[in-house]
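Data first, discussion second: the structure below is written as structure tokens.
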Amino acid sequence: MNMLLMVTAEDCQLIVDVCNTHGVMLAVCHVLRYLPESKKIKEVIDSGIIGDVVNIRHLEPIGFWHYAHSFVRGNWRNEATSCFSLLAKSCHDIDLITYWIGDKKCTNIQSFGSLNHFTQKNKPDGASSRCLDCNVEEQCPYSAKKIYLDLFNKGHRGWPIDVVTEGVPDIESLTECLRVGPYGRCVYDCDNDVVDNQVVNFQFEGGATASFSMIAFTEEVCKRKVTIYGTKGEINCNFGDPAINVFDFLTRQNTKHFLEKTIPPNTSMMGHSGADYHLINSFVTALSENDASKILTGPTDTLKSHMLVFAAEKSRKEGKVIPLLQ
């Protein structure tokens with residue numbers, strides 16, 4: 001399945017119940033678990049090098065233009081027609097936190113977030129409803145001309161341009177799509193209502209805690225950053241780097257743990273830094289060997305993290321801590 005099971009807790013539970021009842025082998029595309037960074041972090045935690053995990057601090061920088069493309073103008077902009085942004089964009093980040101924390105159950109969850117910027121009240125004076133005929137477009141970092149036409153003129157033809165147009169894009173078809181289609185709209189004049197910044201705080205059994213931040217207003221695009229604090233050391237990882245860094249409190253030494261890259265040459269499944277290949281490979285292997293343990297994100301683990309996402313959104317909307325073990 002795609003990154004989401006379903007967009008309601010009830011439907012997620014129903015899918016998992018059906019799979020478990022009928023022995024269906026289900027893999028959910030939480031690609032982050034299949035990244036070398038994620039697996040190396042889990043390996044270091046399980047080795048005991050940093051002792052007991054006390055806190056996890058995880059950041060997803062969405063990227064200013066990526067957010068404008070997907071969550072202001074794009075398919076995931078409106079909760080009624082898609083879902084809330086924590087579920088759409090970051091459910092697999094919440095899954096990572098549960099993956100790293102291990103068997104400890106989450107006891108309490110709290111979240112804050114809002115649609116801070118992309119609203120009608122922030123529309124600049126003199127701005128048009130569409131970027132191609134806007135008098136202040138040159139001063140707008142979210143301009144569709146900058147995001148799509150400038151990228152096209154630099155020779156780019158893939159995502160996000162291939163979402164804007166149908167078929168093989170050319171400058172004429174791209175320009176026309178921006179003139180009349182949803183991706184040419186002013187970011188302050190859309191029907192978006194999902195948050196552009198959100199934090200989630202977790203408390204786990206035994207007192208361990210975690211925090212997750214999802215933010216639209218970043219230079220980097222989806223290059224996650226995580227620090228994990230243990231009783232004997234800490235882990236720092238910038239996703240995309242060749243190694244994770246581990247500091248040992250006893251020796252006061254930093255050690256780089258380099259990542260294993262095991263992707264075959266010339267594969268077409270290089271999406272998400274090669275995680276797409278590992279996900280598909282694990283699923284095909286699970287089917288061929290009739291061994292569901294090969295799947296890192298099966299129905300049970302996925303349901304666990306999805307329920308935390310739903311609880312976090314409930315907390316954000318109701319303005320209170322949600323207890324989970326009552």
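The values are calculated or read from the model by the stated rules, or taken from the named source; none is laboratory data. Remember, it's a predicted structure, so these values are computed and weren't measured experimentally. A quick note on method: Cβ atoms are made from the backbone with ideal geometry, for glycine too, and the neighbour counts reach across all protein chains shown. Heads up: the accessible areas ignore ligands, DNA and RNA and are worked out on the full protein's heavy atoms, side chains in. Shrake-Rupley method; radii C 1.70, N 1.55, O 1.52, S 1.80 Å.
Pairs are defined by a Cβ separation below 9 Å, a sequence spacing of at least 6 or placement on different chains, a first member in region 144-172 that is at positive phi, and a second member that is in a helix (DSSP H, G or I); the pairs so defined are Gly167/Ser173.
Reported count of residues in region 16-30, each being touching a helix residue (DSSP H, G or I) at 6+ places or on another chain (Cβ under 7 Å) and assigned to a helix (DSSP H, G or I), is 3. In this structure, Val187 does satisfy being farther than 30 Å from Asp52 by Cβ, part of a loop (DSSP other than H, G, I, E, B) and among the aliphatic types (A, V, I, L, M). Residues in region 127-169 that are part of a loop (DSSP other than H, G, I, E, B), closer than 14 Å to Val187 by Cβ and of a type in the set (A, V, I, L, M, F, W, C): Ala127, Cys134, Val136, Cys140. Run Ala68 past the list (1) within 15 Å of Ser90 (Cα to Cα); (2) small (Gly, Ala, Ser); (3) crowded, with 23+ Cβ neighbours inside 10 Å and report the number of the one that doesn't hold. Only one criterion is unmet by Ala68, namely (1). Could you list all residues from region 103-136 that are surrounded by 17 or more Cβ atoms within 10 Å (Cβ to Cβ) and of a type in the set (Phe, Trp, Tyr)? Across region 103-136, the qualifying residue is only Phe118. The set of residues from region 201-212 being open to solvent by 10 Å² or more (accessible area, probe 1.4 Å) and either within 16 Å of Ala88 (Cβ to Cβ) or not in a strand (DSSP E or B) (or both) comprises Glu205, Gly206, Gly207.
Looking across region 1-30, the residues that are within 24 Å of Cys222 (Cβ to Cβ) and free of Cβ contacts under 8 Å to residues at least 60 places away in the same chain come down to Met1, Asn2, Met6. Checked against the criterion of being open to solvent by 20 Å² or more (accessible area, probe 1.4 Å) and among the β-branched types (Val, Ile, Thr), region 233-248 contains not a single residue that satisfies it.
Of the strands (runs of 3 or more DSSP E) lying entirely inside region 219-326, the ones with 2 or more residues being over 22 Å from Cys83 (Cα atoms) and within 23 Å of the chain's Cα centre (by Cα) are found at 225-230, 233-238, 243-248.
Of the numbered criteria (1) assigned to a strand (DSSP E or B); (2) open to solvent by 20 Å² or more (accessible area, probe 1.4 Å); (3) polar (S, T, N, Q), the one Gln198 fails is (2). Of all residues in region 221-242, exactly one satisfies the criterion of being acidic (Asp, Glu) and closer than 15 Å to Lys42 by Cα, namely Glu234. Among the residues of region 72-89, some residue qualifies, meaning at least one is open to solvent by 10 Å² or more (accessible area, probe 1.4 Å) and closer than 21 Å to His278 by Cα.
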